[in-house]
Amino acid sequence: MIATMTIMMAIGIPVAVAIGLASLVGIGGFMTVPLIVIPQQAFVALDKFPLAAIPFFILAGNIMADGGISRRLVDLVESCVYSIRGGILLTCIFTALIFGAVSGSSVATTLAVGAILIPAMVRRGYPVGFAAALQATAAELSVLIPPSIPMIIYGLSANVSVGDLFVAGIGPGLLVAVALSAFVLAYTRYKGYAEIREDVRPPFFPALRHSSLALLMPIIVLGGIYGGVFTPTEASVVAVGYSLIVTLFIYKELNLKGLVAVVRRSAISSAVVMFIVSMAGIFSFVLTRAGVPASIGNWITDTFTDPISFLLAVNLFLFVMGMFVETSASIVVLGPILAPVAIQFGIDPTYFGIVMIFNLALGMITPPLGVNLFAACAVANIGIEKMVPHLLPLIGVILLCLALVTFVPAISLFLI
């Protein structure tokens, strides 16, 4: 099954189709169950209420992008850091952080924020490859900062509280934001990039006033979740409702025609994610019925005798896996396999989930299947080869942060 899936993806077959056909090979060739289990398990994988949060968070992110919310957030952050040399780079990082606190999607953040900031960074004198690489990397914060779509999927797959995962993601997200900020300020001075300041600094108080409603959105969403007012799924609907009110009736930058286009784009993106989840559910069912998780668990337990060696092996494995397999599919397939083994080693399943999601999120900025890279390339209108030289040191920073998160559990668990 794994060989079939790998070969299909290598020749360009979409990930969800490759997973589904590999599951069909496993059922038809090596099991005696009727083929009716394929649609049954596909439905079972999707018949989970928390999954409803995914299309709503995607929709909220697209409404924010088209309705002027993202632009106002950019103006506010830039008004705070304009006087710093490299302030536009900090604007890129922290706008992605704030935008990710509602959208939950790194691709949505790359497209929405990158459309504004990649051209702005180029105008300030930074190479287009560096601007695109930084935007793609900063958008990874959307996966670490709650609410996060991969966290929802992991919580359902590994039977872990989604609310606890959201809280556990705050520390690693802030760590990455600070580390990236310190690095880009030092790196640009080392490279001798001279920032050209042609634009007028956005005045702080008008920018704060114009963006106040946009800033209120993550406060309402996250405050409602952590305060027990509503669940993460209900919070996604609140995010959509709030963003619609703000963009249609207050900012008035989104009309009904534009809303139809936003809904259509969001539906397509949601369908892609849900298709992957459903096919990965079938794949997981076949592996579980064949006893693969138990076998892998026994092998890992026999091979690695302590949590440190186990975490090192998992990090290496997931880093490579993230380069070739879509994040949602990896979580659905591997989460139920690895989480029980981590528990056997005495590792907190919430903390392990953050380590797993952090690893797989790296796949979004590493070739050949780095979705953030392709989104940034589309916005910047360049080939991925122009990004790679600038991307490598940024990946190094993320790997350093991953090492800290892996071996200092308090970074993830100090708020729980």
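By how many nm would the segment from SER212 to ALA115 grow when fully extended, if each residue of separation counts as 0.36 nm and the alpha-carbon distance is taken off? Before the final figure, lay out each step's value.
On the way: separation 97, 0.36 × 97 = 34.92 nm, distance 2.16 nm.
Once the chain is fully extended between SER212 and ALA115, it gains 32.8 nm.
Would you work out which of GLY169, SER79, ILE149 lies farthest towards the positive end of the dipole of segment 79-221, given +1 charges on the beta-carbon of Lys and Arg and -1 on that of Asp and Glu, about the Cα centre?
About the Cα centre, the residue reaching furthest to the positive side is SER79.
Of the listed values (i) 23.9; (ii) 22.6; (iii) 21.8, grab the one calculated as Kirkwood radius over Cα pairs in Å from the structure here.
Here the calculated entry is (iii).
With only Lys, Arg, Asp and Glu charged, each at its Cβ (+1 for the first two, -1 for the last two), find how big the charge dipole of segment 245-380 is about the Cα centre; round to the nearest 20 debye. Intermediate results must be reported in sequence, preceding the final value.
Details: 5 positive and 5 negative charges, 139 e Å.
For this selection, approximately 660 debye.
Tell me, what HN-Hα J-couplings in whole Hz come from the Karplus equation 6.51 cos²θ - 1.76 cosθ + 1.60 at θ = phi - 60° for each residue of segment 221-234, using x for Gly and Pro?
5, 6, x, x, 5, 6, x, x, 6, 8, 7, x, 5, 5
What size of dipole, in debye to the nearest 20, comes out for segment 49-208 about its Cα centre when the only charges are +1 on Lys and Arg C-beta atoms and -1 on Asp and Glu C-beta atoms? Could the numbers behind the result be given before it?
Values: 9 positive and 8 negative charges, 87 e Å.
Taking the Cα centre of segment 49-208 as origin, the dipole is about 420 debye.
Relative contact order of the chain, please, whole-number percent, based on alpha carbon pairs below 8 angstrom and at least 6 residues apart. Kindly include the intermediate steps, with their values, before the conclusion.
Values: 622 pairs, mean separation 108.3, N = 416.
So the answer I get is 26 percent.
If you count only protein heavy atoms and use a 1.4 Å probe, how large is the accessible surface of LYS191, to the nearest 10 Å²?
100
Cα to Cα, under 29 Å, and not fewer than 8 places away if on the same chain: which lysines meet these conditions relative to LYS386?
LYS191
With charges set only on the Cβ (+1 for Lys and Arg, -1 for Asp and Glu), what does the dipole of the chain come to about its Cα centre, in debye to the nearest 20?
The calculation lands at about 920 debye.
³J(HN,Hα) across segment 28-41 via Karplus (A = 6.51, B = -1.76, C = 1.60, θ = phi - 60°), whole Hz, x for Gly/Pro?
x, x, 9, 10, 10, 8, x, 5, 4, 5, 5, x, 4, 6
Can you pull the accessible area of ARG85 for me, 1.4 Å probe, Å² to the nearest 10?
For ARG85, solvent-accessible area is about 100 Å².
For segment 209-309, run through the chymotrypsin sites (Phe, Trp or Tyr not before Pro) and keep only the ones in DSSP coil with at most 15 other Cβ atoms within 10 Å of their Cβ. Each step should come with its number before you reach the end.
Numbers: sites: TYR226, PHE230, TYR242, PHE249, TYR251, PHE275, PHE283, PHE285, TRP299, PHE304; in loops: PHE230, TYR251, PHE304.
Loop-located and lightly packed - PHE230.
The values are calculated or read from the model by the stated rules, or taken from the named source; none is laboratory data. This is a predicted model, so every value here is computed, not measured. Quick reminder, even Gly has a Cβ in these numbers, built from the backbone with ideal geometry, and neighbours come from all protein chains shown. Calculation scope for accessible area: heavy atoms of the full protein, side chains included, ligands and nucleic acids excluded. Shrake-Rupley method; radii C 1.70, N 1.55, O 1.52, S 1.80 Å.
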